[in-house]
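Inspection log for the structure reproduced underneath, given as structure tokens.
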Amino acid sequence: MTSRNRALLAGAAWGVLIAAAILAVSFAFRDRLPSPLATHWGSGMQPDGNSTFTAILLSVLGMWALFWVVLMGIAVDGRAFARRLSRAYWWAALIWSGAFVAVMHLSTILANLDAPAWTDARLSAWSVAAVVTLPFALGALAGFLGRGEPDQPTPTGEAPPQLRLRAGQRSVWVSRVANAWLYPLSVVPLAVAVVAAVLWLTGVMPPQTAAIVVPLMFVATAAGIATCAVTVRVSDDGVAIGFGPFGWPVRRIRLSKIESAWAEERFPSQVGGWGFRGVPGMAAIMIRGGECLVLRYHSGGQLVVSIDDATRGASLLNALIQERVS
């Protein structure tokens with residue numbers, strides 16, 4: 001059975017299991033719950049928001065359905081299972097999302113259990129810790145177990161693309177790629193920061209919360225803009241990767257660190273999404289799906305960069321590496 005088919009079967013079973021667990025827990029304790037139920041807690045773990053039993057149940061099932069449909073859609077597409085890294089991401093996301101929704105709902109039920117009214121509900125510290133740590137631990141374990149075999153290495157004897165350089169010739173290759181639809185998405189965190197600042201100034205949002213939200217949103221905006229475009233330059237100085245519309249900041253990789261390079265098609269579903277992605281031994285700068293430049297380091301790690309005309313860039317890079325060795 002292929003990894004894709006195993007994922008489809010496991011995903012279907014996990015989807016039914018989580019939905020059944022949510023329904024079972026909800027109706028098993030329904031008679032011991034207040035109406036409405038506390039659904040949100042503010043400072044000092046005091047309840048400050050409520051909702052009806054039906055609304056809570058539908059919202060939780062809807063949240064799980066959204067997670068599940070997206071992940072099953074990725075599994076049906078199948079490209080996420082071509083690479084070890086993307087397989088690990090998919091399994092981790094599947095188990096984490098199901099565990100997160102289920103544990104979060106269970107913590108809400110337990111907080112309201114036997115409370116005379118929703119204002120008397122109490123959320124314990126251990127349940128908050130469980131919502132954060134347990135799904136993460138299960139997701140990490142699932143990603144590790146589901147990652148499968150290592151990616152197929154370049155077949156022995158298959159030479160990477162290489163240009164012929166004339167003696168004393170200095171050659172440079174430069175290419176740039178941008179993803180226009182990522183620019184407006186990058187502005188979303190900035191809008192959130194502006195709204196948070198206004199709420200703080202008007203006294204609606206506590207200053208402690210604003211002090212966390214606003215800087216984080218500015219950082220998210222900067223990171224988003226940096227991953228909307230990438231410029232790659234190959235020369236006898238090595239590889240220079242410039243980020244964002246102005247090609248700054250720049251990451252430089254010396255030729256002495258690179259073993260070889262080649263062009264290959266990679267997609268966001270295979271590396272865990274757009275932007276900066278990676279785990280130890282594998283990193284990706286994914287601007288758009290399709291042609292990518294793949295660098296293999298002497299250490300065994302790889303770097304994947306979305307870029308046009310990657311074959312020519314890899315050919316020049318291999319020639320420069322060979323020239324340096326000679």
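Here are the numbers:
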item: Excluding exposed DSSP-loop trypsin sites (Lys or Arg not before Pro) (at most 16 other C-beta within 10 Å), longest clean stretch of the chain; result: 1-121
item: Within the chain, percent of DSSP bridges classed antiparallel, to nearest 5; result: 90
item: R0 of 22 Å, Cβ-Cβ distance W248-W181: FRET efficiency to nearest 0.05; result: 0.50
item: Kirkwood estimate for region 1-66, i.e. one over the average of 1/r between Cα atoms, Å; result: 14.0
item: Separation between Cα centres of region 13-37 and region 303-324, rounded to whole Å; result: 55
item: Karplus (6.51, -1.76, 1.60) ³J(HN,Hα), θ = phi - 60°, over region 244-250, in Hz, Gly and Pro reported as x; result: x, x, 9, x, 9, x, 10
item: R0 of 35 Å, Cβ-Cβ distance D77-A211: FRET efficiency to nearest 0.05; result: 0.30
item: Three-way shape label, region 231-286, alpha-carbon gyration tensor, a/c 1.5; result: oblate
item: Amide proton proximity set for N50, modelled H, under 5 Å, gap of 5+; result: T39
item: Solution diffusion estimate, µm²/s, Stokes-Einstein, the chain, Kirkwood Rh from C-alpha pairs, 25 °C, viscosity 0.890 mPa s; result: 106
item: Value in Å of the Kirkwood radius, where region 224-326 supplies the Cα pairs that are averaged; result: 13.6
item: Environment charge at L145 (Cβ cut-off 13 Å; Lys +1, Arg +1, Asp -1, Glu -1); result: +3
item: Student exercise, the chain dipole from Lys, Arg, Asp, Glu Cβ charges, in Debye to nearest 20; result: 800
item: Neighbour cut-off at most 12 other Cβ (10 Å), DSSP loop, chymotrypsin sites (Phe, Trp or Tyr not before Pro), region 71-124; result: none
item: From phi via Karplus (6.51, -1.76, 1.60), per-residue ³J(HN,Hα) for region 289-297 in Hz, x at Gly/Pro; result: x, x, 5, 9, 9, 10, 10, 10, 7
item: Normalised convex hull volume, region 37-127, alpha-carbon set, Å³ per residue; result: 98
item: R0 of 41 Å, Cβ-Cβ distance W126-E323: FRET efficiency to nearest 0.05; result: 0.10
item: Nonlocal amide H pairs with E259, under 5 Å, H built at 1.01 Å; result: R296, Y297, H298
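Taken together, the values in this text are just the output of simple stated rules run on the coordinates, not laboratory data. Since the model is a prediction, treat every value here as computed from it, not as a measurement. We place every Cβ from the backbone using ideal geometry, glycine too, and count neighbours over all the protein chains shown.
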